[in-house]
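Below is one structure, written out as C-alpha cells; the observations come after it.
The values are calculated or read from the model by the stated rules, or taken from the named source; none is laboratory data. Just so you know, these numbers come straight off a predicted model, no measurement behind them. Ideal geometry is used to build each Cβ from the backbone, glycine not excepted, and the neighbour counts take in all protein chains shown. Areas reflect the complete protein model, heavy atoms only, side chains present, ligands, DNA and RNA absent. Shrake-Rupley method; radii C 1.70, N 1.55, O 1.52, S 1.80 Å.
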Amino acid sequence: MHGAVSAAAVPVVAVLIMDPPRGVRAAVAWPTVALLAAVVVIAVVAVARPWLSRRQGATPLGRWSAAVATLTALGLIGSFVLLLLPDGAAGQPLSTYRPPDGCATQPDTAGCHADRSLPGYDTAIAWLIAYQVLLLLAIAAANRSGRRALAGPGAGMLLLPLGAAWIERGLPALPAAPDQLRTWMLVGPAVALATAGLFLPRLRPAVPTQPLGAYTDLAWRGCAPAVIAGFGWMMAVAYCAGLLYWVSDRLDASAEPSGPSRVVPPLAVFWAGLACAIGLAALIGLLIRAVVLLQRLRRVEYARLAATPGLSAHDLRRCRDVSTYRALHRLVGEHAVRLMGGYAAFCAVLVTLCCAAALSGERPSPLSPSGWQTAIHWTAERGDAILGWLPVVMAALGLLVYRTDSVRRSVGVIWDVCTFWPRAAHPLAPPSYAERAVPELQTRVAGLLALPPHHGDRMDGVILSGHSQGTVICAAVLLQLPRRWRLRTWFFSYGCQLTRLYGRIFPSYFGPERLRALAGALTWPGGHVAWTNFWRDTDPLGWQVSAGQRDVPVADPEALHPSGGEVADPPIRSHSGYPEAVEFTRERAVVARLLRRTVPSPRQRTG
C-alpha cells in the first residue's frame, strides 16, 4: 500500500507544480493529497507500534488493514481523476515537456537538449533520501542514548525544511537569506546536528556487566541497528538506481555511448552512481586492508606452529595451511567488526555529501571546460553502468540458486541469518522462521521428556545440539523453556557466534548479561552448568563463550601427518565436522551418563 501511495504521489506532485489547482481541480487535488498523506502517517505509526501490523494473533490488524486499503484506493482514484481533468487556464500542459519533433533524426535542433524531467521529481527524491539518512541517525541515537537523543535528529528534520523555505521564499520576522546561501549547504549542518545525539553518554543497565572476554565488547558504539539498517538501505537504493539506469539505457538503446541521450536518469540516480563508484573503491581498499592483516596474522600463527621442535618438511607445509585457517579465525573474531565500522563511517559521510549534491540540483556536464566536472561525470557514469548490471546479477544469482548446490547453500545461509529475527512492520518481508522453528523445537524437547514411562521414545534427558546459526536458535529455545525441562536438558554449542558477533551486535538479546543468564538457567541444583561449547582456533565463525559454561577446544587438524595406517593427511575441518571430533564424542558419552544418573526415569507404581 505504501509503495502504491509513493508511486501515485509522483505524478500528483508534478501536476500540482505544473498547474496549481483551482475550482474543481482543487476539490479533487487536496482531498487526494490528504488521503495519500494519511496512508503514510499510518505506516509511520505502524513502525513504532508493531502490534498494528502483526500478522497473526488477537490484534486489530483487520480494521487497520481495511482502513489503509480504503484510503489507498480512494487516493489512487483521486490521482487518476486529477490526471484526467483538463488543464487549467494558468497551467502548463504536459505537451510542453515533450521534445520537438525531429529530435531523433536531427539532435541539434533547438530545444532537443533542454531539461524536460518531470517537475518536482528530482527535488522530491532528494528530500526523501535526505530524510531517510536523518531517520537512520535517529535510530542510531535512540538505540545508543535513549529517547533524549532524538532531540538532535528531530531538530535536524525540522530545521532543514525551515532553512530551505527561508532561502527560497523567506520567513516572516527574519531578514532575507544571503545570496550565496543555498539549500544544499544546510544538509551538512542538519546531519551534524542529528549526529550530536551519538555523543551523549550511552544507556547502561542498572547493574553494569563486563564483557565475557577479549573482543566481546559492544560493536560500533551501540549503533549496530542503524549500521545494519543503513547497509540494507544502501543496497535497496543501489538496486532501484540500477534498475532505473538499466531501463533508461534500454529505452534509449539507439544512442551512441559518447553522444547525448534522449532518456536521462533522474539526478538522484546520477549521484547514486557516483556514490557507488566511490563506495566500491573504498570496499576494494577495505578488502586489501583485510588481506594485509590476514597475511600478518598468518605469519604470526605460522611462526607459533613452526616453533615446535622435530617438525619435518611435510609438517612445515601443513603448518602453512593450518596457519591460514587460524589467521582467518583471528581476522573475523578480532578485526572484522572494527573494519566494518570504519567502512560504515565512510559510507555515512559519502551518503551525506551525495544528499547535498542531489539537493543542489546540479548535474556536472561532460563537456564543461572545468576538469573536475568532467571527472565527476565520468566517475558517475561508470558507477551507473555498474548499478545497471546489479539487477542482472541478482537475476543470475536467483537462477544459480536453482541450478547449483554450492550457491544454494551459500544463499541459504545468508537467508537464514537475515530472516531469523522477527519483524512486523515491513509489508514485503518474509515471515521470520524463528517464529516457527523455536516453538517447534520447544515442542519437540518437551514432547520427548514428557512421554509416559512405558513409551519407547521417552528420554531421561535431552542433549540439545546447535551448530553455527543453530546455537542462536537453541539459545532462544532454552531461554523460553520451562525450568522443569531445562533441568533435564544439556546444551551442546559448536561453531558458536554468540559472543564475538551476535553478542556484540545484538547485546539486548545475546549480550554478556543474557549469556550469563542462560548459563545460570542451565545450572542444576548440584552446581553443574549443563552447557558445553566446542570451538576450534581454525573456525572463523566459532569462538569461546566464557559465560560460566564449559569450553572445550577441539584439535584441528588432529595431526600434521597421517597416522594409524592412513595415507591422506587429516583434514582441516574448520567450521564443520564437530560431531566427528574425538572431544565431541567423549563429552557426549560423559553427558549421556550424567543425564541418566542424575535424572532417573520415574517408575510405575506397583500393587
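The table below lists the values:
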item	result
Positive-end extreme of charge dipole, the chain - chosen from Leu449, Thr532, Gly577 (charges on Cβ)	Leu449
Average accessible area per residue (Å²) across the stretch 318-410 - probe 1.4 Å, nucleic acids and ligands excluded	55
Given [x] -0.61, -0.71, -0.79, -0.88; [y] -0.61, -0.77, -0.94, -1.10; [z] -0.48, -0.62, -0.77, -0.92, the label whose value is log10 I(q)/I(0) by the Debye sum over Cα atoms at q = 0.07, 0.08, 0.09, 0.10 Å⁻¹ derived from this model	[y]
222 nm mean residue ellipticity, helices alone, for the chain (DSSP H n ≥ 4; -39,500 (n - 2.57); rounded to 500)	-19000 deg cm²/dmol
Full-extension gain in nm, Glu362 to Phe80, via 0.36 nm per residue minus C-alpha separation	98.3 nm
Met459 accessible area, 1.4 Å probe, all protein chains in place, Å² to nearest 10	80
Whole-number Å³ per residue for the convex hull built on Cα positions in the stretch 418-554	128
Debye, to nearest 20: dipole size of the stretch 213-344, +1 on Lys, Arg Cβ, -1 on Asp, Glu Cβ	640
Amide H contacts of Leu464 (H built 1.01 Å from N, under 5 Å, at least 5 apart or other chain)	Trp490, Phe491, Phe492
Antiparallel bridges, percent of DSSP beta bridges restricted to the chain (to nearest 5)	5
Solvent-accessible surface (1.4 angstrom probe) belonging to Leu479, in square angstrom, nearest 10	60
Among Ala29, Thr183, Gln210 - extreme Cα towards positive end, dipole of the chain, charges at beta-carbon	Gln210
Accessible surface, per residue, of the stretch 455-589 when the full set of protein chains is kept, probe 1.4 Å, Å²	41
Accessible-area composition of the chain, carbon plus sulfur, in percent [1.4 Å probe]	65
Normalised contact order of the stretch 131-243, rounded percent, pairs of Cα under 8 Å and 6 or more residues apart	38
Cβ-defined net charge surrounding Pro570, 10 Å radius [Lys, Arg +1; Asp, Glu -1]	-2
Percentage relative contact order, the stretch 268-400, counting C-alpha pairs under 8 Å, at least six apart	47
Relative contact order %, the chain, counting alpha carbon pairs below 8 Å whose residues are six or more apart	12
Share of pairwise Cα separations in the stretch 443-488, more than 16 Å, in percent	39
